[in-house]
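Colleague: Pasting a structure below so you can have a look.
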Amino acid sequence: MTVNGPGRTVKVALLMAAVALPASLLTTPTSASAANSLSMRGADVSTAQRALDLGAKYYDASGTAKDPLDILKGLGVNYVRLRVWNNPASGYNNKAKVLAYAKQVKAKGLKLLVDFHYSDTWADPGKQYKPAAWSGHGINQLQTDVYNYTYDVCNSLKSQGTTPDSVQIGNEINVGMLWDDGKVVNNDFTNLSLLLKSGYNATKACNSGTQVIIHTANADSDAHARWFYDGIKAKGVNWDITGLSYYCPWHGTLANMGSVVSDMKARYGKDVVIAETAYPFTSANADGTGNSITSGCSGYPLSWQGQADNFTAVQNTARNAGAIGVFYWEPTWYAVKGNGWDPADINNSGNGWDNMAIFNWTGQVNPNIKWTP
């Protein structure tokens, strides 16, 4: 099953029958130690830079206008995730913009995760477009491309005093990246493994302490997750942290997510993070672009309280399953005209995430939401 939304296509399987279970089952802890804590309490704020450049305002729970990074830090965030696109038409989320915003992130005392899409636009399970500059390159050249680009971005960040604490080699690469050369076809992980090794090696050459995350949207299914991570492991790929996306309308129950997290940690002996999650506070739409998600999950109404309760439940489930982190995806992306989803038409394309942000359409923060260790 494929769910389409502006700029994002998420592969989903075997989930709809599970979505309607009672809330009591959704929040059932897994058997992992409850003594675990979330050391990576993150927010992907990749669109915030553009919003601020357009004059957007963000208000804390008392109604005071503040830098959104300060508001998020006050809610418990200690880690910021920024995507990097190679040469996006909008100019946003490119290397120069990431370098500039990384200075602000680090100045706030926050840690930095750089999310390499290896594309000029969105990369997710349904699309992994090569950057235009690499379009004619085969697998041998692509290995060099990935190495050089990863090293360059990482080293440029390091040189300005904002060394990334972690990086993702690809974004939601369920069936590979840099298609078609890096696509997994007929269960053959050979080409993908070569690209992942290039990214890993470049990151460690830049800074050995930077942790490498390999990220899929496979929190829906242990079988899918095992297929992918077994596949790259068999080819000798190294990574430090397993990253999974989890959105309950697409990926099923919290209990199921917890079992996948627990199995990933035990099976590979590596830390696990929920690299993306979010929940709607309303089904209404703020602009002319349809919302990516229009329904919720049983036990969690589409309200500020429901959004906060769902995020708490995601954190609790992930923590109890042994995860070390949870990242909210684009909490600051409320409807600001000119901050659209399409980098080729950022001024007019609108925002399919305006009901998923933790700020409402006038920039007021959800007063109930918290990131907790």
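The values are calculated or read from the model by the stated rules, or taken from the named source; none is laboratory data. Since the structure is predicted, the reported quantities are computational estimates derived from the model, not experimental observations. Here Cβ is always computed from backbone atoms with ideal geometry, including for glycine, and neighbour counts include all displayed protein chains. Surface areas here come from the heavy atoms of the whole protein model, side chains and all, with no ligands, DNA or RNA. Shrake-Rupley method; radii C 1.70, N 1.55, O 1.52, S 1.80 Å.
Colleague: Sort out which residues of region 70-124 are in contact (Cβ under 8 Å) with a residue 60 or more places away in the chain and part of a helix (DSSP H, G or I), and write them in order of number.
Modeller: Those that are in contact (Cβ under 8 Å) with a residue 60 or more places away in the chain and part of a helix (DSSP H, G or I): 71, 72, 95, 99, 102.
Colleague: Related question: Inside region 207-216, can you point out the residues that are open to solvent by 10 Å² or more (accessible area, probe 1.4 Å) and either touching a Lys or Arg at 6+ places or on another chain (Cβ under 6 Å) or polar (S, T, N, Q) (or both)?
Modeller: Answer for region 207-216, where residues must be open to solvent by 10 Å² or more (accessible area, probe 1.4 Å) and either touching a Lys or Arg at 6+ places or on another chain (Cβ under 6 Å) or polar (S, T, N, Q) (or both): 207, 208, 211.
Colleague: Continuing with this model, one more query. Output the helices (runs of 4 or more DSSP H) that fall wholly within region 239-328 and possess 2 or more residues being closer than 28 Å to residue 117 by Cα and free of Cβ contacts under 8 Å to residues at least 60 places away in the same chain, or say none.
Modeller: 254-268
Colleague: Separate question: Of 149, 200, which residue is under 22 Å from the mean Cα position of the chain (by Cα), more than 28 Å from residue 246 (Cβ to Cβ), open to solvent by 10 Å² or more (accessible area, probe 1.4 Å) and modelled with pLDDT of 95 or more?
Modeller: 149
Colleague: Quickly run through region 346-373 and pick out the residues that are part of a loop (DSSP other than H, G, I, E, B), of a type in the set (S, T, N, Q) and surrounded by fewer than 20 Cβ atoms within 10 Å (Cβ to Cβ).
Modeller: 347, 348, 360, 362, 368, 372
Colleague: Residues of region 100-136 being open to solvent by less than 60 Å² (accessible area, probe 1.4 Å), among the hydroxyl-bearing types (Ser, Thr, Tyr) and farther than 19 Å from residue 345 by Cβ, which ones?
Modeller: 101, 118
Colleague: Now for a different question. Given the conditions (1) surrounded by fewer than 24 Cβ atoms within 10 Å (Cβ to Cβ); (2) touching a Lys or Arg at 6+ places or on another chain (Cβ under 8 Å); (3) closer than 24 Å to residue 260 by Cα, report the number of the one that residue 338 does not fulfil.
Modeller: Only one criterion is unmet by residue 338, namely (3).
Colleague: Next up: When residues of region 217-230 are filtered for being open to solvent by less than 10 Å² (accessible area, probe 1.4 Å) and over 19 Å from the mean Cα position of the chain (by Cα), how many remain?
Modeller: 0
Colleague: Please go through region 152-178 and pick out each residue that is in a loop (DSSP other than H, G, I, E, B) and open to solvent by 30 Å² or more (accessible area, probe 1.4 Å).
Modeller: Result: 160, 161, 163, 165, 175.
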